[in-house]
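Here the structure is laid out as C-alpha cells; the discussion comes afterwards.
The values are calculated or read from the model by the stated rules, or taken from the named source; none is laboratory data. Just so it is clear, the structure is predicted and the values come from calculations on it, not from any experiment. Note that we place each Cβ from the backbone using ideal geometry, even for glycine, and neighbour counts take in every protein chain shown.
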Amino acid sequence: MNRLMKILITTTSVLTLSVSVFCVAKPAAPVVPTITQQPSMSNMLSKVMPVVVNITVRGDVPMMPPTENNHQKGQQPGEKEPMPFMPNRKFESAGSGVVIDATNGYIVTNAHVIRNSNVLIVTLHDGRKIKANVVGLDPATDVAVIQAKDKYLKAIPIADSTKVRAGDFVAAIGNPFGLHQTVTSGVVSALNRSIGIEGPSGYENFIQTDASINPGNSGGALVNMSGELIGINTAILAPQGGNIGIGFAIPSNMMKAVVDQLIQYHKVNRGILGVMVQDLTPALADAFNMTESKGAVVTHVNEKSAAETAGLHEQDVITAINSEIIANAAHLRSIIGIAKVGDTLKLNVKRQNTDIKLTATIESLEKAIRATEVSQSFLSGVRLNNIDQIDTQNKEMRGVLVLEVTDTSNAWLAGLRPGDLILKANGEKADTIPQLTKLAKNNPKRLLLTVQRGLASVFVVIT
C-alpha cells in the first residue's frame, strides 16, 4: 500500500511539474487598448443646424426732437417754436431665427431683432441669402414671425416645453457677434423666470439656461438632446455688461401660441381674465393651510369681468389652468397673456383648503376697459379698479387703483399715472369707483384727488 501511494504521489508531482513548466513557456498575449466612444451632440446638431438662420436687419430709428428750447434768445415765454426737422438715423444689426414651417417659409425670431426694420435678409446655413418680409410681431412677449420662401429651407420639430425640467441638457444655436452657426451647451438652470425686460406687461415665463447666449443669439434656438425646439433665446442677465452664464429663452409653447395668432391675424388679439394675483409664498400657504406653495393668489376680482362671471373670489388660489400646474403669479399672467378672446379656461382652485373647479371664458381687453372706464368728464380715458389690500406695514388699505390713463386725457395732463392709488376725492374718502364717480360729479369745476404714489402722498387737480 505504501509503495502504491508513493508511486501516485510521484506521478502527481511530475504532472504538476509538467503543467507548471508548460505555463511558464507560453508567450504573453498582447494588450489591446480599449477605445470608447466619446459623448457628442454632433449627430443631433447636424440635423438641427440648418434650421437656424442669420437675420440681417436694416432700418431707420426715429430721432427725437429737442424738448427744452422754449426760452431761447428772442423767444417769448409761451411762444411755440417751429418743430425742427430731425432726420431718421439709419442702422444695421443682426440676429438669429428658427425655421418652424419650411413649406410656407415661416421663421420665428424676437420682436426686438426686427423692430424698425425696412429690409430683412435671411442667410441660410450654407450661405444662401433670401429676402424676408414681416408677418407680425408682439412686443409684449418679444416674439415675431417673418417669411422667406425657399426650397432649401428645413424646419425644426417643436417640443412641449411643459416637459422641460431643471437639469436637462440643452444646446443654444445662433449667430453671436456675427459668428454664424455657433453652438453652446449647458443645462436648464430654472423655469418660470420673470425678469421684467418688456416693462409691466408681465407676459414672461422664461426658461433659464447657462448655455452661453451673446449679442446676435437673440431669436436663435434652444434645443433638447433630441434636437427639438424648447425655446427661443431672448435675453441675458449682464450686470457688468458681459455674459455671466445666465440666459433666458421663451418657452416653445408660449412661442407657438403667439406665432399662431401672428400668422392668422398679424397681431395678438389679447384677452383678459380680470383678476389681480400674487405669488403663493410659503407663509401664505401656511396661512391658507396648504401643503404646497405653488400657485397664484387672487388679490382682486374686477367687477363684471370674466373672472367674476366664472365665480372666482379674493384669496382663491389658482393651482392649474387647463391641467398646466401654475408655478407663480408671473406664470399665470403669461398663460392669460397668450390666450385668445373666447378661449375657455378650466381652473383648478383651492378655496379655504377645498378643491373646486371653475370655467372661465377669456373676454376682449376692449370690453373689459369699457366695463371699468369712468365716463365722467374729469376721468375720461382712465381705467380703474377697486382695491382692498394689506400694505407693507400690515395696515388695511382701500382705494381706487389707476390701471391705465390715455396720454391725451385731462387726467394725464394733470399728472395722474398708472399705478396711482386714489384715496380721496375733493377731501372725502373714495374707497370704490362708484364713490369716486359720485364725488367727481358733485363739483363740476375741478376734481382734487389725494393719491398714494409709492411711499408718498401727492395731490392731483383735474380741471
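Of the strands (runs of 3 or more DSSP E) contained entirely in the stretch 52-123, those carrying at least 1 residues that are modelled with pLDDT under 80 and in contact with a Lys or Arg (Cβ under 7 Å, 6 or more places away or on another chain) fall at 52-61. Selection of the stretch 125-151 for residues being on the phi < 0 side of the Ramachandran plot, in a loop (DSSP other than H, G, I, E, B) and crowded, with 21+ Cβ neighbours inside 10 Å yields Thr141, Ala148.
A quick yes/no check of all residues on (1) closer than 19 Å to Asn386 by Cα; (2) surrounded by 13 or more Cβ atoms within 10 Å (Cβ to Cβ); (3) modelled with pLDDT of 85 or more:
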site: Val405; (1), (2), (3): yes, yes, no
site: Ser409; (1), (2), (3): no, yes, no
site: Ala425; (1), (2), (3): yes, yes, yes
site: Leu436; (1), (2), (3): yes, yes, yes
site: Leu447; (1), (2), (3): yes, yes, yes
site: Thr450; (1), (2), (3): yes, yes, yes
site: Gly454; (1), (2), (3): yes, no, no
site: Ser457; (1), (2), (3): yes, no, no
site: Val460; (1), (2), (3): yes, yes, yes
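Looking across Ile250, Ile207, Ile195, Ile230, one residue alone is modelled with pLDDT of 90 or more and within 29 Å of Glu404 (Cα to Cα). It is Ile250.
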